[in-house]
Amino acid sequence: MGALDAVADRVAGGATVTFRPSGSSMVPLIRSRQRVVVAPVDPSKLEVGDIVLARVAGTVYLHLVSSVDLAGKRVQISNNRGRVNGWTGHDRVFGICVAVDGAARSGAAGRTVSGDGSRAAP
């Protein structure tokens with residue numbers, strides 16, 4: 001089980017979680033150990049460029065949405081260096097990054113859901 005699995009479980013359960021991921025695959029959007037806030041997401045509202053917490057082929061990533069397939073209810077996940085992790089279904093997209101080191105991510109708040117599954121206020 002990876003470090004992000006526990007975070008994914010909490011977000012999938014409806015919690016908004018603050019943590020400090022490590023790694024360099026999302027630089028300069030997220031640098032290693034920067035504080036991020038991830039909230040539950042309505043996957044049908046995702047857009048290319050959103051940063052999401054998602055499981056792809058068994059691994060949980062905090063990576064970019066690089067393509068959206070609304071009809072197939074799936075998104076393609078990639079890092080910020082051009083590496084495509086793969087496609088994953090809406091049911092495996094747990095949350096959206098709403099802030100990095102206190103700076104809000106534009107548009108992300110309008111794609112969140114509350115713990116009961118209803119859309120949060122933008």
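The values are calculated or read from the model by the stated rules, or taken from the named source; none is laboratory data. As the structure is a prediction and not an experimental result, all values here were calculated from the model. Heads up, the Cβs are rebuilt from the backbone with ideal geometry, glycines too, and the neighbour counts pull from every protein chain shown.
Computed quantities for the displayed model
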{"quantity": "Single unsatisfied condition, E47 versus (1) surrounded by 13 or more Cβ atoms within 10 Å (Cβ to Cβ); (2) part of a loop (DSSP other than H, G, I, E, B); (3) of a type in the set (D, E, K, R)", "calculated": "(1)"}
{"quantity": "Counted residues, the stretch 42-71 - those being touching a strand residue (DSSP E or B) at 6+ places or on another chain (Cβ under 9 Å), closer than 14 Å to H90 by Cβ and touching a residue at least 24 places away in the same chain (Cβ under 8 Å)", "calculated": "11"}
{"quantity": "Hey, V37 surrounded by 14 or more Cβ atoms within 10 Å (Cβ to Cβ), on the phi < 0 side of the Ramachandran plot and modelled with pLDDT of 95 or more or not", "calculated": "yes"}
{"quantity": "Residues that are in a helix (DSSP H, G or I) and over 15 Å from E47 (Cβ atoms), drawn from the stretch 90-116", "calculated": "D91, R92"}
{"quantity": "One residue from V36, V93, V113 being touching a residue at least 60 places away in the same chain (Cβ under 8 Å), in contact with a Pro (Cβ under 7 Å, 6 or more places away or on another chain) and within 17 Å of G2 (Cβ to Cβ)", "calculated": "V36"}
{"quantity": "Positions within the stretch 68-89 being touching a Phe, Trp or Tyr at 6+ places or on another chain (Cβ under 8 Å) and part of a strand (DSSP E or B), in sequence order", "calculated": "D69, R74, V75, Q76, I77, N85"}
